[in-house]
Amino acid sequence: MQNIHISDLKDYVREEVTLRGWLFNKRSSGKIRFVILRDGTGYVQCVYFKPNVPEDAFEAADRLGQESSIEVTGIVKAEPRAPGGYELDARDLKVIHETHDYPITPKEHGIEFLLDHRHLWLRSKKQVAIMKVRHRIVKAIRDFFDNKGFTLLDTPILTPNAVEGTSTLFETEYFDLGKAYLTQSGQLYAEAGALALGKVYTFGPTFRAEKSKTRRHLTEFWMVEPEVAFADLNDDMDLAEEFLEYVVQTVLKDREEELKILERDISKLAQVKRPLPRISYDEAVEILKKNGVDFQWGEDFGGADETVISNQFEKPVMVHRYPAEVKAFYMKRDPENPKLALAVDVLAPEGYGEIIGGSEREDDLNVLLKRIEEHKLPQEAFEWYLDLRRYGSVPHAGFGLGLERTVSWICGLDHLREAIPFPRMIYRNTP
Ligand code: NSS
């Protein structure tokens with residue numbers, strides 16, 4: 001069987017081809033039936049002119065319901081007015097599976113209905129576009145680190161300890177060994193990897209039992225985490241801005257069509273180029289105060305605060321040196337002011353909030369022991385991690401970028417639930 005897809009049509013102009021896919025939409029006008037076929041690579045209008053096609057094909061073009069699977073045969077015509085630039089002068093239509101009453105119609109549906117039908121909703125034009133952008137982002141992320149000499153290091157999902165605080169852990173019994181937790185971040189293992197391989201990244205699903213129901217939180221999300229030996233906070237920020245520029249510019253170049261389908265205004269994205277602005281936490285607090293936000297020094301920023309701060313900038317902004325109290329146990333303190341952690345968050349523009357969190361890591365054994373105690377973490381579970389400070393400890397730094405937040409920002413979505421094929425949230429774990 002020949003295997004031509006809609007995206008190949010440019011190579012077959014004036015030739016007869018057979019395509020297989022699903023009936024996306026149809027309409028009729030006198031002796032003509034228009035069938036829009038989708039096959040995952042694109043959309044093409046197939047024109048059934050009664051005198052040119054077998055009777056049963058013409059009748060099927062009338063009868064079939066949306067999402068019936070079909071095989072169409074016809075002659076490829078360049079048609080500048082058609083989406084995609086080609087049209088099929090149809091000659092035949094074969095039914096693979098006839099269906100009627102497809103639940104998702106071109107009319108508006110409520111979000112809960114769509115989420116209940118996520119397995120079908122994924123076929124919609126906008127969702128297909130989002131998944132293609134997501135895939136391109138994933139590939140750009142991998143290419144960026146691979147081309148810079150990083151080694152991909154896969155880290156475990158079942159872990160014996162917390163990384164990002166103990167309040168969002170998913171717990172499970174692990175045979176005779178007690179409790180295990182779904183990982184909140186691969187970072188601690190990436191640190192071991194950095195001391196073995198110099199530059200590594202881990203990229204996979206991470207889990208947080210987020211009790212809040214916000215548009216920026218999933219309970220299962222993907223994160224890419226680079227970790228670099230002999231790097232400090234500045235190196236970390238240099239890497240983060242080069243990385244963001246690469247990812248955004250690559251996606252703008254390669255997914256123009258999809259971003260158009262999503263009606264994304266790309267003018268702000270086009271500006272994501274080095275250097276990105278860098279401000280301290282103190283400066284960010286000043287911005288909040290100047291904008292009339294009632295904010296106490298020492299707190300972490302909430303979503304609304306992040307929007308006020310990022311609205312001052314055209315590009316993503318890096319906020320560094322946070323109060324250590326609100327940050328994780330593993331972050332190194334600023335030698336110039338031990339109240340501060342050598343941390344950085346990157347806030348995306350247009351109200352998308354934090355997309356990256358990173359830091360320089362505490363590399364001194366005794367200081368780290370003290371932190372583990374202060375954070376009331378069980379030292380025993382961290383003995384292996386402490387070994388990294390016992391045997392050839394070096395300054396090192398890294399960060400984590402949330403994939404769905406990035407997809408959501410680049411696609412211009414208003415909720416993370418559309419940025420992942422099957423979202424997991426506090427009130428939803430189906431389909
Ligand atoms: O908690 S983070 O800020 N940082 C870490 O997990 C570090 N261990 C990363 C590192 O230095 N290797 O999370 C990093 C990013 C954050 O900026 C968001 O973009 C994303 O992960 N994130 C989330 N995305 C979706 N849903 C939830 N709940 C979520 N939590 C964090």
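Rule-based calculations on the coordinates, nothing more; no lab input. Here the structure is a predicted model, which is why all the values come from computation and not from measurement. Heads up, the Cβs are rebuilt from the backbone with ideal geometry, glycines too, and the neighbour counts pull from every protein chain shown.
Per residue, the chain reaches -9000 deg cm²/dmol at 222 nm when only DSSP H runs of four or more residues are counted, each adding -39500 (n - 2.57). When you count the other C-beta atoms within 10 angstrom of each residue and take the mean per peptide, 406-413, 274-281 line up highest first as 406-413, 274-281.
Percent of Cα-Cα pairs more than 21 Å apart in the range 1-105, please. Here the tail beyond 21 Å accounts for 26 percent of pairs. Take the alpha carbon atoms of the range 384-409, find their center, do the same for the range 251-278, and report the distance between the two centers in whole angstrom. Centre-to-centre (Cα) distance: 27 Å. For the chain, the antiparallel share of DSSP beta bridges with both residues in that region comes to about 90%.
Of the peptides 375-385, 346-356, the order by per-residue mean of other Cβ atoms within 10 Å, starting with the highest, comes out as 346-356, 375-385. In the range 2-97, the DSSP beta bridges split such that about 90 percent are antiparallel, to the nearest 5. Have a look at HIS117, LEU23, PHE170 and report the one farthest towards the positive end of the charge dipole of the chain, computed about the Cα centre with Cβ charges (Lys/Arg +1, Asp/Glu -1). Positive-most Cα among the choices belongs to LEU23. In terms of distances greater than 19 angstrom between alpha carbons, the cross-link table entries LYS199/LYS273; LYS126/LYS213; LYS268/LYS315; LYS211/LYS376 yield LYS199/LYS273; LYS126/LYS213; LYS211/LYS376. In the chain, taking the dipole from charged Cβ atoms about the Cα centre, the farthest positive-side position among VAL272, SER69, PHE422 is held by SER69. The GNM of the chain, with springs linking C-alpha atoms under 10 angstrom apart, assigns the highest mean-square fluctuation among GLU258, GLU306, GLU374 to GLU374.
Taken over the C-alpha atoms, the chain has Rg and Dmax values of 25.9, 86 angstrom.
Each of the peptides 386-392, 163-169 was scored by the mean count of other Cβ atoms within 10 Å over its residues; in descending order, highest first, they stand as 163-169, 386-392.
Inter-part distance, the range 21-64 to the range 298-329, computed on C-alpha centroids, equals 53 Å. When the chain is treated as a Gaussian network with alpha carbon springs shorter than 10 Å, the biggest mean-square fluctuation among PRO338, PRO51, PRO421 belongs to PRO51.
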